[in-house]
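Remarks on the structure that follows.
Coordinate-derived values only; no laboratory data. The shown structure was predicted, so the numbers you read here are calculated from the model rather than taken from an experiment. No Cβ is skipped: glycine too gets one built from the backbone with ideal geometry, and neighbour counts run over all protein chains shown.
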Amino acid sequence: GIIQCHINNILIRKMAQVDVRLQKELKEVGRTDDTSGVRAKPYKDDNMRKLHGTIKGPQGTPYEGGLYEIGIVIPIQYPFEPPKMKFLTKIWHPNISSQTGAICLDILKDQWSPALTIKTALLSLQALLCSPEPGDPQDAEVARMYKNDKQNFDRTAKFWTEMYAKETSKDDAVGRVCDMGFDPESAKIALEKYGWDETAAVNYLLGM
């Protein structure tokens, strides 16, 4: 009992240290005057381990003008384990799954270091949008197009940006789902859940 009690106390202390670090990090990555184009904040005020991130599409890329939503889960072992991140907004990119939003990026896997932060991870994702790595793809089909038909790749990536990542296109999507008889709040939640894919969102709402 005494040993278990001691272990529990150590765990509680460790969690408290991590929470202090997370609070500091969230302050840094939540600033509205920040021009980096990356932000993150908790979904709920009382839970710092589930975060909603956003990345502005970099200028001069097919993602320019898009705002990409990122789901972030902070593991118990953070900062010794990387945060788990995935794209909630659909995106056409060799290192991001066009189906699930899963990301292939070394610092979110074996190249993570406790010196890195949520903000540096989001900035690395933004950099990945500037310079894809088709040699280490998450989505083989997209990588093939990137390597063999760059013009078509750029066109498709730009179309997906217009379709899924533009604020105006999101408002329009909510409007169209509402026209089918759903309330705006439910429509927005369903669309966010399915990466702004209207068909999937409507099917989800109909099945509820």
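Observations on the structure shown:
- Placing +1 on the Cβ of every Lys and Arg and -1 on the Cβ of every Asp and Glu, with no other charges, gives the chain a dipole of roughly 600 debye about its Cα centre.
- For 51, 206, 125, 67, order by how many other beta-carbon atoms lie within 10 Å, fewest first: 206, 67, 125, 51
- Extension gain, residue 200 to residue 31, is 57.5 nm, computed as 0.36 nm per intervening residue step minus the present C-alpha separation.
- Pairs of lysine residues in the range 98-208 that meet both criteria, 8 or more places apart or on different chains and Cα atoms under 17 Å apart, total 9.
- C-alpha center-to-center spacing [the range 31-61, the range 149-165] in angstrom: 23 Å
- Treating r as the C-beta distance of residue 12 and residue 183 and R0 as 41 Å, the FRET efficiency rounds to 0.45.
- Listed by chain and number, the aspartates and glutamates placed with their C-alpha closer than 16 angstrom to that of residue 84 are 25, 69, 106, 110; residues fewer than eight positions away on the same chain are left out.
- Percentage relative contact order, the range 1-117, counting C-alpha pairs under 8 Å, at least six apart: 14 percent
- Point-to-point label distance, residue 4-residue 84, nm (Cα→Cβ direction, 7 Å offset): 2.7 nm
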